1. Please compute the alpha carbon radius of gyration of the stretch 43-168, then divide it by the globular-protein estimate 2.2 N^0.38 Å. Two decimals is fine.
2. Measure off, as a whole percent, the carbon and sulfur share of the 1.4 Å-probe accessible area of the chain, all protein chains present.
3. Of the chain, which part is the longest with no GluC sites (Glu not before Pro) in a loop (DSSP not H, G, I, E, B) and with at most 12 other C-beta atoms within 10 angstrom?
4. For the stretch 287-326, what does the alpha-carbon gyration tensor say about shape, rounded, prolate or oblate, given a ≥ b ≥ c as the root eigenvalues, a/c under 1.5 as rounded, and a/b over b/c as prolate?
5. Counting Lys +1, Arg +1, Asp -1, Glu -1, what net charge surrounds LEU63 among other residues with beta carbon under 14 Å of its beta carbon?
6. Suppose we keep just the alpha-carbon trace of the chain; what are its Rg and Dmax in angstrom?
7. Can you give me the relative contact order of the stretch 176-292 as a percent, contacts being Cα pairs under 8 Å and 6 or more apart?
8. For every helix of n ≥ 4 consecutive DSSP H residues, a contribution of -39,500 (n - 2.57) applies; sum these over the chain, divide by its total residues, and give [θ] at 222 nm rounded to the nearest 500 deg cm²/dmol.
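The values are calculated or read from the model by the stated rules, or taken from the named source; none is laboratory data. Please read all numbers here as calculations on a predicted model, not as lab measurements. Ideal geometry is used to build each Cβ from the backbone, glycine not excepted, and the neighbour counts take in all protein chains shown. Just so you know, the surface numbers come from the protein's heavy atoms only, side chains and all, with ligands and any DNA or RNA stripped out. Shrake-Rupley method; radii C 1.70, N 1.55, O 1.52, S 1.80 Å.
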Amino acid sequence: MSDSHKDGSTKWSSDDGQFRRQVSSFRDDIQKGGRFEPEVGRYHLVVSLACPWAHRTLIVRKLKGFDQVPDLLPVHVVDSLLGPEGWSFVPYDDPPNLGVPGTGNKIPGHEGKKRIRDLYKTADPEYSARCTVPIIWDNKNNTVVSNESSEIIRNLNTAFDDFIPDRFRGLTFYPEDLRAHIDDLNGWIYDTVNNGVYKSGFATAQSAYEQNVKPLFESLDRIEKILSDGRNYVVGGKLTEVDIRLYTTIVRFDPVYVGHFKCNIKTIRAGYPHIDRWLRNLYWNEPAFKDTTDFEHIKAHYYQSHPQINPTRIVPVGPLPPILPLDA
Ligand SMILES: N[C@@H](CCC(=O)N[C@@H](CS)C(=O)NCC(=O)O)C(=O)O
């Protein structure tokens, strides 16, 4: 199941003031016997640290131990600013405070490419849709394997199991026995929370905004209730893709979505004590979450990249701290 809308639209807003996310175009998997064979030194992950969809892939990459194998799936981080030309590669090699090895554009053979768009155009000269992150780049065939994060994170459960240390093999965040439950949660959390913050923030009509911000907070109420028995993971007593996908929205909520996207009925820290406890546990106790979360980059991106929402491009100082300590 993918997260994308099925309407094929490439527009980001429509006549009724509603934000519509485009359908992802590259939808392959890395798998034995397929077009994209698992190999070391062949695939690259291109991300923005600001993007919640890309953030999912960074978390799974780290949880699966790919960072322990040189050249397994190197990460390339774009500049925080999303300009009129789309995402561009950072002009320096090691931007500060990354938490992941940022190599800019050091994809062998493509060093001259300044923008994500240039990679998409290499993969498909006819490509005319938005050039989104994350992407998995195949440097053997010079193409994009996938630009759909929900499918990338599923694929990474197994794609490279032959190359990673033993303890990471077989580790999956979409276990067989929980699939029906995970699919159900993913469905409404994607629509009302992950994408709900965007639909609220990018609405260009009062009615469209209210039609999305209210269901967003109803879903947060529902999640708060699920977590109110003190559990650390949303489903099945273990870390699953539900936690990973929810985390990347919730960690951005108070620093960005409350202000920039007008999702301000409540904050997480003051209004949702159980969601906040769940969030702090993941951030402070699981390095894959903390090490891939860069609040400066996140705030800079949102507040500076959408002049239609924030024409001054001023980045707010708070909230301080961006996330509360574990024992708050
Ligand atoms: N369905 C995609 C959505 C990815 C997406 O929308 N990424 C945004 C950043 S948060 C993007 O790259 N936008 C670039 C643009 O609009 O030009 C996925 O989950 O992988």
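1. On the way: Rg = 13.8 Å, N = 126, 2.2 N^0.38 = 13.8 Å.
Computed over Cα atoms of the stretch 43-168, the ratio equals 1.00.
2. Numbers: 6950 of 13800 Å².
Of all accessible area on the chain, carbon and sulfur atoms account for 50 percent.
3. On the way: sites that count: GLU85, GLU111, GLU126.
Value returned for the longest uninterrupted segment is 127-328.
4. On the way: a/c = 4.14, a/b = 1.92, b/c = 2.15.
Cα axes put the stretch 287-326 in the oblate bin.
5. Working: positive: ARG56, ARG61, LYS62, LYS64, ARG154, ARG167, ARG169, LYS238, ARG245, LYS290; negative: ASP67, ASP161, GLU241, ASP243, GLU286, ASP291.
Result for the local shell: +4.
6. Just the Cα atoms of the chain yield Rg and Dmax of 18.9, 53 Å.
7. Details: 107 pairs, mean separation 30.6, N = 117.
Averaging sequence separation for qualifying contacts and normalising by length gives 26 percent for the stretch 176-292.
8. On the way: 11 runs with 111 residues, N = 328.
Calculated from helices alone, the mean residue ellipticity at 222 nm is -10000 deg cm²/dmol.
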